[in-house]
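J.: The structure follows.
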Amino acid sequence: QVTLVESGGGLVQAGGSLRLSCAASGSTFGIGAMGWYRQAPGKQRELVADISVGGRTKYADSVAGRFTISRDNAKNTVYLQMNILKPEDTAVYYCNVFIRATYWGRGTQVTVSS
């Protein structure tokens, strides 16, 4: 069993920054890619960014240059540094980890006010 615990969401003004964290625990041997998705009200869940075990990253066009994903393999933790936040970044952000199967966190709310 794998548990994902997310933290770092909240309310911020446009132009501000937030840092999300997601720690995986339990049966984490062989942990693979880690990433972040988001879902805004009335919209489908979409990929924000992901990172391979080796550190290769991928970003959605809408966040490239503003968000940075990173991971600490010793801690089985993935981070998302979000800068220059915009109101359209408002969503529930979900951690996603592949460990022989795909696991999801419960989500953390990010609200950006204009």
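The values are calculated or read from the model by the stated rules, or taken from the named source; none is laboratory data. Here the structure is a predicted model, which means the values were calculated and not measured. For neighbour counting, all protein chains shown are included, and Cβ atoms are generated from backbone atoms with ideal geometry for every residue, glycine included. For accessibility, only protein heavy atoms count, side chains too; no ligands or nucleic acids. Shrake-Rupley method; radii C 1.70, N 1.55, O 1.52, S 1.80 Å.
J.: How many residues does the stretch 4-25 hold that are open to solvent by 30 Å² or more (accessible area, probe 1.4 Å), part of a strand (DSSP E or B) and over 23 Å from LYS75 (Cα atoms)?
T.: Result for the stretch 4-25: 2.
J.: From the list ILE51, ILE84, exactly one residue is aliphatic (A, V, I, L, M), out of contact with any helix residue (DSSP H, G or I) (no Cβ under 9 Å at 6 or more places or on another chain), modelled with pLDDT of 95 or more and open to solvent by 50 Å² or more (accessible area, probe 1.4 Å). Which is it?
T.: ILE84
J.: Can you name every residue in the stretch 72-114 that is over 18 Å from GLY42 (Cβ atoms) and charged (D, E, K, R)?
T.: ASP72, LYS75, ARG100, ARG106
J.: State all residues of the stretch 69-107 that are part of a strand (DSSP E or B), touching a Phe, Trp or Tyr at 6+ places or on another chain (Cβ under 8 Å) and more than 15 Å from ALA24 (Cβ to Cβ); if no residue qualifies, say none.
T.: Hits for the stretch 69-107 are GLN81, MET82, TYR93.
J.: So the check is Cβ under 9 Å with 6+ separation or different chains; which pairs have a first residue in the stretch 44-59 that's over 14 Å from LEU80 (Cα atoms) and a second one that's part of a strand (DSSP E or B) and polar (S, T, N, Q)?
T.: ARG45/GLN39; GLU46/GLN39
J.: Since VAL2 meets every condition but one in (1) farther than 14 Å from ASN96 by Cβ; (2) modelled with pLDDT under 95; (3) of a type in the set (A, V, I, L, M, F, W, C), which condition does it not meet?
T.: (1)
J.: Of everything in the stretch 91-112 that's among the polar types (S, T, N, Q) and open to solvent by less than 40 Å² (accessible area, probe 1.4 Å), which residue is farthest from THR3 (Cα to Cα)?
T.: Filtering the stretch 91-112 for residues that are among the polar types (S, T, N, Q) and open to solvent by less than 40 Å² (accessible area, probe 1.4 Å), the one farthest from THR3 (Cα to Cα) comes out as THR108.
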